[in-house]
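Asks: The structure's right below; bear with me while I get my questions together.
The values are calculated or read from the model by the stated rules, or taken from the named source; none is laboratory data. The structure presented is a predicted model; accordingly, all values stated were derived computationally and were not measured. Note: ideal-geometry Cβ built from the backbone for every residue, glycine included; neighbour counts use all protein chains shown.
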Amino acid sequence: MKKYLSLIYLGLLLVGLLTLVACGTSGNEESNTTGSDTESDSTEESAADEPEEKKVLQIGTDAAFAPFEFMETGEIVGFDVDILEAVMVEAGYEYELKNVGWDPMFASLQQKDLDFGVSAITINDDRKATYDFSTPYFKSTHMIVFNEGSDITSAADLEGLKIGVQNGTTGEDAAEKIVGENSSTISKYETTAVAFMALANGDIEAVVTDNVVADEYVANNPDAKVEAITDEESFEAEYYGFMFPKDSELVTDVDAALTTVIESGKYAEIYKEWFGAEPNTDELLNAAE
Amino acid sequence: MNDFLVLIQEMLDNLGIDFRLEIVVEYFPFFLKGAALTVGVSLAGIFIGMVLGLFIGLGKMIKFWPLRLPFIWYINFFRGTPLLVQLFLIHFAVMNLILEQPNTIASLVVTLSLNSAAYVAEIFRAGIKSLDKGQAEAAHSLGMNKFQVMRYVVLPQAFKRMIPPLGNEFIVLLKDSSLGAIIAAPELLYWGRAAVGQHYRVWEPYLTVAFIYLILTLSLTYLLNYIERRLDTE
């Protein structure tokens, strides 16, 4: 009898899990149905009748990536935040920026709970398969940060070293391209900040991350005794974009506003404020095409 | 993917369930590796925690209060602060002083052991206190010394009563080992997070990870039930 009970128990578990799966996908199903159900049709229409300006756009970010987005006395600030403000003013949308975290942001965009994400997100083909992107608003490359005295002169030297990256970032991709996917020498951290802590602690010997973040860390932590190098040959340049759910209708509006912001010089103003240098806007506009 | 899985994938697609089995298949070896580490770390934590916990529990029962104080504050600290904070403190501050080369797995084992020791101490104390005083008195009257009373009369009876709460503690500890993912100890949740990071999809990795944790905790539950039945004298 006991044996049967445990079998029934296991069965119930499986049913429960499947229900969970079904719940998770029901949201997608609803948005996929087109016109077959009259009731859902009418609600969709009434939503479309509302003037677009009235809708407050929900925008997600992971505010742990200074100087692009980070928390300063309880508020989200950073280069991305200022660019977003300029673009939204230009496009005439109301919006609300929420600090949701990196992985949850992707999940929410997939479920269309967020209208778009702004979080120094690199545009790449993997992501394009599931999401849409705006035109680029920032050019970035990767950097290797390591403790002074380590003999690292190029990306190839990473082979055999213990490397730290932020989980799910392009820094991870760049490192994995050199030492192999899910290699045992790579440790994937919750945030880049924890990766830097692990570097100082000696858990790892090098951190691969975006150049601006690396510069910021080196500049802010003179006591940490770290160096940062880049390797233009091994690490390709990449562009950041706003990330939308697939087939979002917002993309064209946002693209147009972004281009205006870049061309009007507003972009250069914000760029100088955060990075203290002139941006190469021609390069950005060319990359957009 | 083999034919069977392709068949299930087709079934899911037909049902309109957006679930990509190939992600689970791709990461399955990593999940198994992670689960092995989760089990290892938890077993070590349970074992060390039990031994430490017994002494701390006995320490808290010392009648002379200045000797009792350190044990009370040990329990206060480890029960009163979040496990994640303890993990950060032990990994980034304490283990640095002890180990030449920091090791996330060692830090995780130490944190889990110290933390569970605090809870186990209270469980031991409750178990011992729950026994009728007459038991110890009777043993004393037979000429046993304090150690013998504990070892042969009190602890064997108390232990039986402690199994259900100890089982609770073990299950909590096994699940808490997932915090190791934050300092990149390659346990089960770490690989779940890695899969999410690669594919930007949350359902497939996290459901699989949840399912594996469930199998682990259920096995532990059945094992504890078995031990409880074996020790049952009635």
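Asks: Residues that are within 27 Å of the chain's Cα centre (by Cα) and at pLDDT 90 or above: list the helices (runs of 4 or more DSSP H) wholly contained in the range B:1-102 that include at least 1 such residues.
Replies: B:21-59, B:65-80, B:83-89
Asks: If you don't mind, there's one more thing I want to ask. Name every residue in the range A:106-133 that is within 25 Å of A:I204 (Cβ to Cβ) and part of a helix (DSSP H, G or I), in order of residue number.
Replies: A:F106, A:D126
Asks: Next question, about the same structure. Filtering the range A:79-105 down to residues that are of a type in the set (A, V, I, L, M) and outside any helix (DSSP H, G or I), which residue is nearest to the other protein chains (Cβ to nearest Cβ)?
Replies: My answer is A:V100.
Asks: For the structure I just gave you, tell me whether B:F4 is aromatic (F, W, Y) and touching a helix residue (DSSP H, G or I) at 6+ places or on another chain (Cβ under 9 Å).
Replies: No: the conditions fail for B:F4.
Asks: A further question on this structure: Return yes or no: is B:W203 in contact with a Phe, Trp or Tyr (Cβ under 8 Å, 6 or more places away or on another chain), at pLDDT 90 or above and among the aromatic types (F, W, Y)?
Replies: Considered against the rule, which asks whether it is in contact with a Phe, Trp or Tyr (Cβ under 8 Å, 6 or more places away or on another chain), at pLDDT 90 or above and among the aromatic types (F, W, Y), B:W203 comes out as no.
Asks: Now for a separate question. If A:E190 satisfies all but one of (1) touching a Ser or Thr at 6+ places or on another chain (Cβ under 9 Å); (2) among the charged types (D, E, K, R); (3) touching a residue at least 24 places away in the same chain (Cβ under 8 Å), what's the number of the condition it fails?
Replies: (1)
Asks: Failed condition for B:G34, given (1) surrounded by 14 or more Cβ atoms within 10 Å (Cβ to Cβ); (2) over 22 Å from B:V110 (Cβ atoms); (3) touching an Asp or Glu at 6+ places or on another chain (Cβ under 9 Å), with all others met?
Replies: So B:G34 meets the others, but not (2).
Asks: Would you pick out the residues in the range A:106-128 that are aromatic (F, W, Y) and either surrounded by fewer than 23 Cβ atoms within 10 Å (Cβ to Cβ) or at pLDDT below 90 (or both)?
Replies: The one that is aromatic (F, W, Y) and either surrounded by fewer than 23 Cβ atoms within 10 Å (Cβ to Cβ) or at pLDDT below 90 (or both): A:F106.
Asks: Would you confirm whether any residue within the range B:171-179 is within 21 Å of B:L108 (Cβ to Cβ), within 12 Å of chain A (Cβ to nearest Cβ) and either in a helix (DSSP H, G or I) or touching a Phe, Trp or Tyr at 6+ places or on another chain (Cβ under 7 Å) (or both)?
Replies: Among the residues of the range B:171-179, at least one is within 21 Å of B:L108 (Cβ to Cβ), within 12 Å of chain A (Cβ to nearest Cβ) and either in a helix (DSSP H, G or I) or touching a Phe, Trp or Tyr at 6+ places or on another chain (Cβ under 7 Å) (or both), which makes the answer yes.
Asks: State which residue is farthest from the other protein chains (Cβ to nearest Cβ) when the search covers only the range B:197-220 and only residues that are more than 15 Å from B:F28 (Cβ to Cβ) and more than 19 Å from the chain's Cα centre (by Cα).
Replies: Checking each candidate, the answer is B:R201.
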